[in-house]
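Comments concern the structure below.
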Amino acid sequence: MKHTGQCHCGDVKITTDLEPMLVYTCGCNSCRRKGGSVGARVMYAQDEISIEGDNLKEYIYKGGSGGNIYAQHCDKCFTFTHATFDYMEGMIALPIGVFDKAKEFKPKLEIWTSEKLDWLKDDGCIVNKVEDSGVKERLVELLEKVENR
């Protein structure tokens, strides 16, 4: 496997043979509340990721785009493991922190900079910063990666 991961208690396992199609950070209020300060995610096509575990529960909320986000978490340890979206059908986002080798992922895109905490800085890896949900920017990057799969 190229990348493996799990929830905090290990009941939910994640595997994939591929590199992510997109690595990004999100400074929106929802990500801050769910993750502490910033959301750092990778995106894949749903059929590129294997998620195994019986303890998954779903939490549905409105994202910055206005569409629903279907967030999954382990019902035992409450680790947020992945999410799907109304506005990006067929795609799945996973927090970088659930992967065993999380340091291998470097974000290139930062969304919701208008809501980001002032003191959060990057090391120069982010090349595209947008003030809003960045749906267009995410779709452009994803389409570029699809062609190279």
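The values are calculated or read from the model by the stated rules, or taken from the named source; none is laboratory data. Since we're looking at a predicted model, the values are computed, not measured. We place every Cβ from the backbone using ideal geometry, glycine too, and count neighbours over all the protein chains shown.
Within the set 9, 31, 26, the sole residue that is loosely packed, with under 15 Cβ neighbours inside 10 Å and either in contact (Cβ under 8 Å) with a residue 40 or more places away in the chain or among the β-branched types (Val, Ile, Thr) (or both) turns out to be 9. So in segment 140-149, with the set limited to residues that are without any contact (Cβ under 8 Å) to a residue 40 or more places away in the chain and within 21 Å of residue 87 (Cα to Cα), which one is surrounded by the fewest Cβ atoms within 10 Å (Cβ to Cβ)? Only one residue fits best here, namely 147. The set of residues from segment 1-55 being polar (S, T, N, Q) and part of a strand (DSSP E or B) comprises 4, 6, 15, 16, 25, 50.
A count restricted to segment 65-93 and to residues that are of a type in the set (Gly, Ala, Ser) and surrounded by fewer than 19 Cβ atoms within 10 Å (Cβ to Cβ) stands at 4. What residue, among those in segment 43-54 that are surrounded by 14 or more Cβ atoms within 10 Å (Cβ to Cβ) and under 18 Å from residue 8 (Cα atoms), is modelled with the lowest pLDDT? Selected residue: 53. Looking at segment 128-139, I want the residues that are of a type in the set (D, E, K, R) and have a partner that is in a loop (DSSP other than H, G, I, E, B) with Cβ atoms under 7 Å, at least 6 apart or on another chain. Which pairs are those? Listed by first residue and then by second, the contacts come to 132/64; 132/112; 137/130. In this structure, does residue 41 turn out to be of a type outside the set (A, V, I, L, M, F, W, C) and closer than 27 Å to residue 146 by Cβ? The answer is yes for residue 41.
For beta carbons closer than 7 Å, sequence separation of 6+ or different chains, a first residue in segment 114-125 that is touching a residue at least 12 places away in the same chain (Cβ under 8 Å) and a second that is surrounded by 10 or more Cβ atoms within 10 Å (Cβ to Cβ) and of a type in the set (Ser, Thr, Tyr), the qualifying pairs are 117/37; 120/37. Among the criteria (1) out of contact with any Leu (no Cβ under 8 Å at 6 or more places or on another chain); (2) assigned to a helix (DSSP H, G or I); (3) modelled with pLDDT under 90; (4) basic (Lys, Arg), the one residue 145 does not fulfil is (1). Pairing each residue of segment 90-109 that is touching a residue at least 24 places away in the same chain (Cβ under 8 Å) with any residue that is among the aromatic types (Phe, Trp, Tyr), provided the two are 6+ apart or on different chains, yields C-beta distances under 6 Å for 92/44; 95/80; 96/105; 107/24; 109/24. Out of (1) of a type in the set (A, V, I, L, M); (2) loosely packed, with under 13 Cβ neighbours inside 10 Å; (3) more than 26 Å from residue 4 (Cα to Cα), what's the single condition that is false for residue 60? (3) is the only condition that residue 60 fails.
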